[in-house]
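Working notes, beginning with the structure itself.
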Amino acid sequence: MPPIYFLIKPASGNCNMRCEYCFYHDVAENRAVASYGVMSKQTLENVVKTAMEHAEGACGFMFQGGEPTLAGLDFFREAVRLQKEYNRKGLQVFNSIQTNGYCIDREWAQFLAKENFLVGLSLDGMKEIHDGCRVDAQGKGTFSKVMHAAQLFSAYGVEFNILTVVTAHTAKNIGKIYGFFKKNGFMYQQYIPCLDPLGEQRGTFSYSLTPERYAEFLKKLFDLWYADFMRGEYVSIRWFDALVHMCKGRAPGSCGMLGVCTPQLVVEADGGVYPCDFYVLDGLRLGTVGVETPAQWEEKRKALGFIEQSKKVEPQCRSCQWAPLCRGGCRRDREQPDGTIGLNYFCPAFQSFFEYAAPRLMEIAKRVP
């Protein structure tokens with residue numbers, strides 16, 4: 001077996017915030033069981049044991065949600081303890097967590113630093129923009145909580161990236177947001193296009209990101225990023241970094257940029273295994289940790305045709321000059337309201353962006369090792 005990477009949802013889709021655009025809440029509403037609660041110690045042990053027994057070379061545990069910190073700090077202490085207990089082959093072990101920062105205190109920060117967790121911290125920009133969508137259960141803004149978490153991470157040496165959801169509002173204000181991030185020393189950034197609810201016509205919600213807005217966002221952000229690069233002030237923006245890698249003939253390192261779905265293992269709180277974080281749905285359950293083997297999950301995945309469906313290429317893509325960089329994009333953005341796989345919703349945005357930025361991307365690719 002190759003390395004194994006589990007994406008784990010220790011608190012299922014549960015969250016202590018009520019973000020307007022939450023995709024995970026939408027997924028939960030499309031299942032017979034909306035929440036599987038908090039993962040038990042036995043299920044956690046099954047996950048760790050399975051990874052350690054079947055992986056070769058390395059294994060990774062990526063904790064997401066909902067909000068994974070709701071499982072409690074002791075849950076993560078136990079996860080690390082189990083990793084050390086079952087790592088009998090000398091595997092490299094990687095841990096990461098994606099958090100809204102709401103529960104982060106000094107104890108959390110010390111633990112994450114000590115155990116070398118890579119953290120993704122969700123922050124949509126300045127207070128007025130962040131609090132417009134990212135509120136708690138009482139409808140109150142969460143900006144101050146997230147900034148406090150970022151300050152703790154910096155103070156204790158936690159390695160963290162900023163994760164920003166690109167909505168209509170953030171897209172319009174990306175210049176201010178980028179400047180705010182730089183001012184606060186947030187030099188590792190990821191921008192995630194907002195997803196409309198499953199099965200709904202895209203672009204019809206107040207927060208919806210249309211292809212036109214996304215194109216404007218990408219161009220503006222790229223101009224800022226490029227100018228900083230040319231001044232010797234490098235800021236890591238994951239999508240742009242990946243494009244530069246692709247311009248150099250390397251793999252992008254990001255699932256949604258490969259042009260086809262890859263074998264993934266997403267584990268729900270009850271131990272259920274699914275093929276993708278965007279598709280934790282009843283009809284796509286591959287099995288249960290502690291019951292079947294990874295090889296059996298792969299057989300089920302093939303039977304469902306999950307990866308095979310993503311290999312469909314639209315005629316427009318075959319003849320597109322930007323296909324080597326775009327590759328069709330993520331399956332979730334190619335899914336039509338009726339569930340079929342078609343042209344990427346953001347195709348016009350990508351075409352416009354690559355026409356605008358490709359020469360400078362190639363220029364940067366020649367400058368970096």
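Annotations for the structure displayed:
- Among the residues making up region 293-320, those that are free of Cβ contacts under 8 Å to residues at least 12 places away in the same chain and either surrounded by 14 or more Cβ atoms within 10 Å (Cβ to Cβ) or out of contact with any helix residue (DSSP H, G or I) (no Cβ under 9 Å at 6 or more places or on another chain) (or both) are Gln296, Glu299, Ala303, Gly305, Pro315, Arg318, Ser319.
- Of all residues in region 285-308 being assigned to a helix (DSSP H, G or I) and of a type in the set (Asp, Glu), the one that is farthest from Trp239 (Cα to Cα): Glu299
- Checked against the criterion of being farther than 23 Å from Phe350 by Cα, out of contact with any His (no Cβ under 9 Å at 6 or more places or on another chain) and among the polar types (S, T, N, Q), the candidates Thr293, Thr288 yield just one match: Thr288.
- Subset of region 189-210 [buried (at least 19 other Cβ atoms within 10 Å of the Cβ) and not in a loop (DSSP other than H, G, I, E, B)]: Gln189, Tyr191, Pro193
- Checking every residue in region 6-18 against the condition of being within 17 Å of Cys276 (Cα to Cα) and modelled with pLDDT under 95 gives at least one match.
- Residue ranges of helices (runs of 4 or more DSSP H) in region 4-86 with at least 3 members over 22 Å from Gly290 (Cα atoms): 23-29
- Answer residue from region 159-188, given it is part of a strand (DSSP E or B) and of a type in the set (Phe, Trp, Tyr) and is nearest to Asn116 (Cα to Cα) among those: Phe160
- Counted residues, region 330-356 - those being under 21 Å from the mean Cα position of the chain (by Cα), modelled with pLDDT under 90 and small (Gly, Ala, Ser): 0
- Ala32 being surrounded by fewer than 20 Cβ atoms within 10 Å (Cβ to Cβ) and not charged (D, E, K, R): yes
- Positions within region 35-89 being surrounded by 18 or more Cβ atoms within 10 Å (Cβ to Cβ) and among the small types (Gly, Ala, Ser), in sequence order: Ala51, Ala55, Gly60, Gly65, Gly66, Ala71, Ala79
- Filtered residue count, region 189-202, keeping only those that are in contact with a helix residue (DSSP H, G or I) (Cβ under 8 Å, 6 or more places away or on another chain) and without any contact (Cβ under 8 Å) to a residue 60 or more places away in the chain: 2
- Scan of region 321-369 for residues that are surrounded by 15 or more Cβ atoms within 10 Å (Cβ to Cβ), among the small types (Gly, Ala, Ser) and in contact (Cβ under 8 Å) with a residue 40 or more places away in the chain, ordered by number: Gly328, Gly329, Ala349, Ser352, Ala357, Ala365
- Scanning region 309-343 for residues that are part of a helix (DSSP H, G or I), under 18 Å from Pro193 (Cα atoms) and touching a strand residue (DSSP E or B) at 6+ places or on another chain (Cβ under 8 Å) returns Arg331, Asp333, Arg334.
The values are calculated or read from the model by the stated rules, or taken from the named source; none is laboratory data. Not measured: the values here are computed from a predicted model. Here the Cβ is made from the backbone with ideal geometry for all residues, glycine too, and neighbour counts use every protein chain on show.
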